[in-house]
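Report on the structure given below.
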Amino acid sequence: DTAVSQTPKYLVTQMGNDKSIKCEQNLGHDTMYWYKQDSKKFLKIMFSYNNKELIINETVPNRFSPKSPDKAHLNLHINSLELGDSAVYFCASSHAKDATSGYEQYFGPGTRLTVT
Amino acid sequence: EDQVTQSPEALRLQEGESSSLNCSYTVSGLRGLFWYRQDPGKGPEFLFTLYSAGEEKEKERLKATLTKKESFLHITAPKPEDSATYLCAAQGGGVFGNEKLTFGTGTRLTIIP
């Protein structure tokens, strides 16, 4: 049973196009995230949503817009794609137990985006 | 700014040869230190959470430990299937729900049969 799923797994597109990546989690978590992993395998957070509300918005171009229709879904829409957007994008989710403890995040399989 | 540094960048071991991976962190108000395993073409897989200095967690051939500045992932008598990239991440304090997970760049571990 897949916990965090993403579609598509691979996405090849041309510069200037608009594309979306979808993410769904069936863990009952209330917080979801988008991460970008660059060619050097460095994972960096882009956004987080808690109960459909945007919580973390790192320094990400406005061309990236997350949308959370409900607690189980967090989609990422990218406008006017650029060569530098090529990377692997990971969705993750977690359950915030309380305000003092850290809480593990569970990751999806990733979407490899290639912009040509 | 929160920082997480992992060493070495890559490590090749013979099967059965024990070793340790290092994770140094600078995080204000540490909420948790996490270890993940990532196989090629897959998402990070959660291994351990450590919350306070002195804490240890074990799973099969892996043991994670935590001090106030570092965490170590000890691998005992590794097997080829332990080959992967091991990622360390630290979660700092902040407004509830706004605690970021800062990742290191990982250690690529290869176990040679």
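Largest GNM mean-square fluctuation among A:LYS40, A:LYS19, A:LYS67, using chain A with Cα springs under 10 Å: A:LYS40.
Interface A/B, total buried accessible area with a 1.4 Å probe, nearest 100 Å²? Answer for the A-B pair: about 2000 Å² buried. Mean sequence separation of contacting Cα pairs (under 8 Å, at least six apart), scaled by the length of chain A, corresponds to a relative contact order of 36 percent.
Legend: mean number of C-beta atoms from other chains within 10 angstrom of residue C-beta atoms, peptide B:70-83, equals 0.
Taken about its Cα centre, the stretch B:3-105 carries a charge dipole of roughly 280 debye when the Cβ of each Lys and Arg holds +1 and the Cβ of each Asp and Glu holds -1.
Only loop residues by DSSP count here, and only those with at most 11 other Cβ atoms within 10 Å; note down the chymotrypsin sites (Phe, Trp or Tyr not before Pro) in the stretch A:13-116 that meet that.
Listed in order of number, the matching sites amount to none.
Express as a percent, rounded to the nearest 5, the fraction of DSSP beta bridges in the protein assembly as shown (both residues included) that run antiparallel.
Of all bridge pairs located within the protein assembly as shown, approximately 90 percent are antiparallel.
Other protein chain C-beta atoms within 10 Å of residue C-beta, averaged over A:82-92: 1.
Projected onto its three principal axes, the C-alpha set of the protein assembly as shown covers 49, 40, 36 Å, listed from the longest axis down. Taking amide H positions as modeled 1.01 Å from N, with prolines and chain starts lacking one, the residues under 5 Å from B:THR105 and 5 or more places away or on another chain are B:GLN6. For the pair A:LYS44 and B:ASP39, a Förster radius of 25 Å applied to the C-beta separation gives a FRET efficiency near 0.80, rounded to the nearest 0.05.
Could you check the spin-label model distance between B:GLU9 and B:GLU56? Points 7 Å from the Cα along Cα→Cβ, value in nm. My value for the distance between the label points is 3.2 nm.
Determine the shielding of peptide B:38-44 by partner chains: average, over its residues, the number of Cβ atoms on other chains within 10 angstrom of each Cβ.
6
The values are calculated or read from the model by the stated rules, or taken from the named source; none is laboratory data. The model shown is predicted, which means the values in this text are computed figures rather than measured ones. Positions of Cβ are generated from backbone atoms using ideal geometry, with glycine treated the same way; all protein chains shown enter the neighbour counts. The accessibility values were calculated without ligands, DNA or RNA, using every heavy atom of the protein model including side chains. Shrake-Rupley method; radii C 1.70, N 1.55, O 1.52, S 1.80 Å.
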